[in-house]
Amino acid sequence: MAQERLTIAADSVRLAAVLHLPEGRPGPWPCVVTLHGLMSSKDSEKYVLVGEEFSSRGIAVCRFDFRGCGESQGAVAQTTVAQRVADTRVVVRRMREHPALNGRVALLGSSLGAYVALFVASEDLRIKVVAAWATPADLQDFSADPETVRDYDLGDAFIEELKTQRYLRAPVGIRNCLLVHGDQDELVPVSHAQRVYASALNPRRIEIIPGGDHPLTDPAHRQQAVRVSLEWIGRYL
């Protein structure tokens, strides 16, 4: 497959991205934008795997680093959910304008990236489908003791956002949503996925992976998540 390295301007910073383009299949192609977790990056093994598997089936994948993470500019201490929503919108817009792509965009995120994906999809009806892995249904644990966010190198901006409660709970009424969650998730209990599923609208699907942990460390669990995501996204994208 072909890989194109991109630099995407977002306000005063530049976001680093890698675009996986299918080979041997006629374009233009639809695209999945991946959203990494709080302290992760676009180069996490699972996102590289998503890029390889999806592009081999004729779907382009753009994996990018949120500001302050990986190769992107910015400071992680300035992270907020709102800022990550804004970064994602910029990347989605760039993918819709890319000459090799057909403008049809889906989102695939994990952990906080999945949470952000739900908000982006709730506000942009042109997003065709969402796959949310290990997503929280809310940020109540952080809200109950805001100072704990500093353990993740987050700062005052995230704490102040928690106080507004604007992004305290996942949006409801999401359509074309796939939830993937391990039943042994040590950070975000599987009940979170079940709550998001209950508040979503059809078509929707939930895939519980027996024995799966938060990052889906087991290669078999990761492959299962990729397989069901490819099937779901391919159906609606």
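The values are calculated or read from the model by the stated rules, or taken from the named source; none is laboratory data. Quantities reported herein were computed from a predicted structural model and do not represent experimental measurements. Every residue, glycine among them, receives a Cβ derived from its backbone with ideal geometry; neighbour counts consider all protein chains shown. For accessibility, only protein heavy atoms count, side chains too; no ligands or nucleic acids. Shrake-Rupley method; radii C 1.70, N 1.55, O 1.52, S 1.80 Å.
Quick notes on this one:
- Among the GluC sites (Glu not before Pro) found in region 22-96, those both in a DSSP coil and sparsely packed, with 15 or fewer other Cβ atoms within 10 Å of their Cβ, are Glu23.
- Averaging over all projection directions, the Cα-based convex hull of region 101-165 occupies 5.4 nm² in the image plane.
- Prolate/oblate/rounded call for region 6-89, Cα gyration tensor, a/c under 1.5 rounded: prolate
- Positive-end extreme of charge dipole, region 142-206 - chosen from Ala198, Thr148, Gln184 (charges on Cβ): Ala198
- The loop-placed GluC sites (Glu not before Pro) in region 100-192, going by DSSP, that have at most 16 neighbouring Cβ atoms within 10 Å of their Cβ come out as Glu186.
- Square roots of five times the Cα gyration tensor eigenvalues for region 66-199, Å: 24, 20, 13
- Sulfur and carbon atoms: percent of accessible area, region 127-193 [1.4 Å]: 45
- Kirkwood hydrodynamic radius (C-alpha pairs) into Stokes-Einstein, region 175-230, 20 °C and 1.002 mPa s, D in µm²/s: 189
- Surface exposure of region 141-223, expressed per residue as accessible area with a 1.4 Å probe, stands at 53 Å².
- Cα gyration tensor, the chain - rounded (a/c under 1.5), prolate or oblate: oblate
- Antiparallel DSSP beta bridges within the chain, as percent of all bridges there, nearest 5: 35
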